[in-house]
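Enquirer: Have a look at the structure that comes next, please.
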Amino acid sequence: MSEKVWLQMPAGVERIDCPDGTVVYASARFHWKIRLDRDSVKHQAAMAAGAVEIEDPNEAS
Amino acid sequence: MAGYSVSDEAFIRRGRGGFAGGGGGGVGSGSSALLFPKNVSGSDTGAPYGVIEFQNSQSSGLPIWGASNAGMTMIRKIKVTSPDQTGYYAQFWMAQGSFTGGNYHGCHPYPQNQSNSGTTHWWEIACESADFIDFQGNQPGSPNNPQVVNAGSTLTQIYIVTRSGANSKTLTFYPDASDTSSPHFIQRNATTAGYGEGNPSIRVVIGDSPWFASFQHERFGGTKDAIKIFNEPLTLSDALSEAANFGALTTSAGAAAIWWGKNGFNTVDDLTCSYGTGRSFTRTDSSNVLSTTTRL
């Protein structure tokens, strides 16, 4: 199982359609923070869209 | 359609929802409704937390996708306090105690401006790290006939979740049961692979988001008069029948699948099921922000 990591998506990017047909979703509700498998196509697509890895927001509170 | 009295314990005992603790008979109706406060501000994280909740529901007859892994149903009579509160709402969650990006779903008002500064709202389904706000499952950035929240109006609402496979769930929210025609509902066909699978630990939370400290408070901001939660997906026809009368279980499917419900509240701690399942919610509200008010 791939490691799950938190990403900060660029504000306003609520979906990314990935090459394999899957979709990455993000929400203003969660401040555009998402959690994905590091080795996944979704992670690659999110990083390509400008996402950056961040610490777990649950730990930051 | 035959009616099944909430005090007809012998009938209800046969139901799949079952009893958690042996249960007494139904209590009929409570004298009051529950009043949940509004957000202090849209971005606030410091105000008190006040919810009613049932933790580890997966161990007591209500996993995230229902008792048979086929879905669940929630019906409620509520009023959003007028004017709308600023920011996000949380009026019904099946969720975990912290935000993990998965393993949750629910239905609430959602700010039209997609921000915790928003003061006007659409009805939404929340799941899959996203928000869906119309009958086509569009996100807030590209709405098509979203359903506007009219604060101050009493509404009976229906939320039906079905699961046909690990990668296929359909969540449908009718924010006004008096009109269930298209486009007057919100629907999300959740196809995220494995979403919510593996029988995660779940709590049913009404009143705020348990992860508020990491993001913002998302209070209920309104009145809850009555609710029925079923651990199976009802047909819309049966759900409409159940929605028309909180004083009874009106369908055989509903009587078989009732998990917990309330037909009014005598106090803020009157949280034992009105329909005889014996289950009780817990009030997590150390600052006593919840109160009772006149029934809707």
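The values are calculated or read from the model by the stated rules, or taken from the named source; none is laboratory data. Because the structure is predicted, anything quoted here is derived from the model rather than measured. Please note: Cβ atoms are built from the backbone with ideal geometry, for glycine as well, and neighbour counts cover all protein chains shown.
Enquirer: Could you list, in sequence order, the residues of the stretch B:94-128 that are out of contact with any helix residue (DSSP H, G or I) (no Cβ under 7 Å at 6 or more places or on another chain), facing chain A (nearest Cβ under 7 Å) and on the phi > 0 side of the Ramachandran plot?
Expert: Matches in the stretch B:94-128: B:101, B:128.
Enquirer: I would also like to ask the following. Can you tell me how many residues in the stretch B:87-115 are in contact with a Lys or Arg (Cβ under 8 Å, 6 or more places away or on another chain) and farther than 18 Å from residue B:206 by Cβ?
Expert: 3
Enquirer: Then there's this: What number of residues within the stretch A:20-61 are polar (S, T, N, Q) and over 11 Å from the mean Cα position of the chain (by Cα)?
Expert: Our first condition is that a residue be polar (S, T, N, Q); within the stretch A:20-61, this holds for A:22, A:27, A:40, A:44, A:58, A:61.
Okay, now just the ones that are also over 11 Å from the mean Cα position of the chain (by Cα), so A:22, A:58, A:61.
Looking only at that region, the number is 3.
Enquirer: Going residue by residue through the stretch B:168-189, is there one that turns out to be within 12 Å of another protein chain (Cβ to nearest Cβ), crowded, with 17+ Cβ neighbours inside 10 Å and of a type outside the set (Ser, Thr, Tyr)?
Expert: Yes, that holds for at least one residue.
Enquirer: Looking at the structure I just gave you, is residue B:251 more than 14 Å from chain A (Cβ to nearest Cβ), under 30 Å from residue A:21 (Cβ atoms) and either of a type in the set (Val, Ile, Thr) or over 18 Å from the mean Cα position of the chain (by Cα) (or both)?
Expert: no
Enquirer: Right, residue B:206: surrounded by 19 or more Cβ atoms within 10 Å (Cβ to Cβ), closer than 23 Å to residue A:28 by Cα and at pLDDT 95 or above or not?
Expert: Against the criterion (surrounded by 19 or more Cβ atoms within 10 Å (Cβ to Cβ), closer than 23 Å to residue A:28 by Cα and at pLDDT 95 or above), residue B:206 qualifies.
Enquirer: So how many residues does the stretch A:19-39 have that are crowded, with 17+ Cβ neighbours inside 10 Å and more than 29 Å from residue B:118 (Cβ to Cβ)?
Expert: Residues meeting the conditions: 0.
Enquirer: In the stretch B:64-113, how many are more than 24 Å from residue B:141 (Cα to Cα) and either out of contact with any Pro (no Cβ under 8 Å at 6 or more places or on another chain) or among the β-branched types (Val, Ile, Thr) (or both)? First the steps, then the outcome.
Expert: Filtering the stretch B:64-113 for residues more than 24 Å from residue B:141 (Cα to Cα) gives B:64-79, B:81-82, B:94-98.
Narrowing the set further to residues that are either out of contact with any Pro (no Cβ under 8 Å at 6 or more places or on another chain) or among the β-branched types (Val, Ile, Thr) (or both) leaves B:64-65, B:67-68, B:73-79, B:81-82, B:94.
Counting residues in the stretch B:64-113 that are more than 24 Å from residue B:141 (Cα to Cα) and either out of contact with any Pro (no Cβ under 8 Å at 6 or more places or on another chain) or among the β-branched types (Val, Ile, Thr) (or both) gives 14.
Enquirer: With respect to the numbered conditions (1) closer than 27 Å to residue B:291 by Cα; (2) touching an Asp or Glu at 6+ places or on another chain (Cβ under 8 Å); (3) among the charged types (D, E, K, R), which one is the sole condition not fulfilled by residue B:38?
Expert: Exception for residue B:38: condition (2).
Enquirer: Kindly state which strands (runs of 3 or more DSSP E) lie completely within chain A and contain at least 1 residues that are within 11 Å of another protein chain (Cβ to nearest Cβ).
Expert: Working: elements: A:4-8, A:15-17, A:23-25, A:33-37, A:52-54.
Hits in chain A: A:4-8, A:15-17, A:23-25, A:33-37.
Enquirer: Still on this structure: Condition (residue is facing chain A (nearest Cβ under 10 Å), assigned to a loop (DSSP other than H, G, I, E, B) and of a type in the set (Asp, Glu)) applied to the stretch B:129-148: is it met by at least one residue?
Expert: No, there is no match, as no residue in the stretch B:129-148 is facing chain A (nearest Cβ under 10 Å), assigned to a loop (DSSP other than H, G, I, E, B) and of a type in the set (Asp, Glu).
Enquirer: Would you check which residues across the stretch B:216-252 are part of a loop (DSSP other than H, G, I, E, B) and in contact with a helix residue (DSSP H, G or I) (Cβ under 6 Å, 6 or more places away or on another chain) and list them?
Expert: Applying the first criterion (part of a loop (DSSP other than H, G, I, E, B)) to the stretch B:216-252 yields B:216-221, B:231-235, B:244-247, B:250-251.
If the condition is that a residue be part of a loop (DSSP other than H, G, I, E, B) and in contact with a helix residue (DSSP H, G or I) (Cβ under 6 Å, 6 or more places away or on another chain), then B:231, B:232, B:234, B:250, B:251 are the ones that fit.
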